[in-house]
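The values are calculated or read from the model by the stated rules, or taken from the named source; none is laboratory data. Values in this document were obtained by computation on a predicted structure and should not be read as measured data. Here the Cβ positions follow ideal geometry from the backbone for every residue, glycine too, while neighbour counts run over all protein chains shown. Keep in mind that these areas ignore ligands, DNA and RNA; they rest on the heavy atoms of the full protein, side chains included. Shrake-Rupley method; radii C 1.70, N 1.55, O 1.52, S 1.80 Å.
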Amino acid sequence: MPIGRIGGILLAVIVLVWLGSGIYIVNPGEVAIVRTFGNWNGNQQTEGLHWHVPWPVERQDVLSIQRVQSMELGFRSVGEIGSGEGSVQRSAESRMITGDENLVDAQLVVQYRIRDAGAFLFNVKDPSEGGRPDGDTLRDATASALRQVVGQRPIDDVLTTGKEVVQVETQQLLQRLLDDYGTGIMVINVQLQDVQPPDEVQESFKDVISAREDRARFINEGEAYREDIVPRARGEAARVVQAAEAFKVERVREATGSASRFLERLREFRNHPEATRRRLYIEMMERILPRVEVIVVDDEIGANVLPFLPLTDQGTTGA
């Protein structure tokens, strides 16, 4: 076989292989972006078998727009994320200041997916760990959002009761930042992991927590004592006031009655002075005489009776 023919066959095989390298498959839930000399015309290829002019003219990027991915802030899992093989803390990322100027280490996991493949690939130039183009931008935006939210709240909210609110506000702020950057990323969930004071101050922080618990306990005891003593004091005060009011009403009625009786007698005295004077005299005698010991002596017998004075009784009374 002539050498020229063999060379032609080899050239044809090379061309076929080169052309075949332009064949690619887009799976369900994926899109493909084809660049021509590095430029993208804005079109995306959906699932199926496709072909493009092979490198160096064109090349494709196939991205999943349904797969949920995770990004860790403040720590790195050993092995796969969520495998439970342990983690390595990154204090530079996790340490931040709360609204009441306390230090706290907050570790966070962000779950996200690609919403716009074109924006994801072209709007942010972001080399990162593992070659994932979302890494630095997403991590920096997450750290910024979390620090802003934590910086507006006291440490108690971050550690205990306000964790859910911190997660929600961080997710909302992070999504706004990513939209402003045009990253094409949708945040699915933000989950706080380990949130605690730095190791250097944990003992002191425990003392503070214990003191706050004691303070709350003392306040509760004081409130309970107040709830017990105040109603009783109010009841006693009400009883005294009611007794005073009853005494006042009684005295007013007695005084009113005495005044009415006096005025009635005054009118009678003006109309019948002599009869009224005699009646008042008789009434007075009726009140006095029952307390006086009276001895009645007949005139005939009395002349021969020696008067007897109860000197013994008088002496006893005088003593």
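Summary of values
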quantity	calculated
Amide N proximity, the range 88-119 versus ALA216 label position 7 Å along Cα-to-Cβ, cut-off under 16 Å	none
Placed amide H near TRP40: partners under 5 Å, 5+ positions off or other chain	none
Nearest-10 value in Å² for the accessible area of SER144, using the 1.4 Å probe	60
Distance (nanometres) between label positions extended 7 Å along Cα→Cβ at PHE247 and ASP179	7.6
Accessible surface, per residue, of the range 137-295 when the full set of protein chains is kept, probe 1.4 Å, Å²	72
When the range 172-237 is reduced to its Cα atoms, the Kirkwood hydrodynamic radius in Å	17.2
Extended-chain gain in nm, criterion 0.36 nm per residue less alpha-carbon gap, GLU264 and TRP40	68.6 nm
Sites ILE25 and ALA92 - FRET efficiency at Förster radius 45 Å, r taken between beta-carbons, to 0.05	0.60
Rounded percent of accessible protein surface that carbon and sulfur make up, the range 9-84, 1.4 Å probe	61
Approximate spin-label separation LYS163-VAL240, in nm, with each point projected 7 Å along Cα-to-Cβ	5.3
Largest-first ordering by accessible area, 1.4 Å probe, given options MET186, MET284	MET284, MET186
Stretchable slack from THR256 to TRP55, in nm (0.36 nm times residue separation minus alpha-carbon distance)	60.3 nm
Additional length obtainable on full extension of the chain from ARG291 to ASP140, 0.36 nm per residue less Cα span	43.4 nm
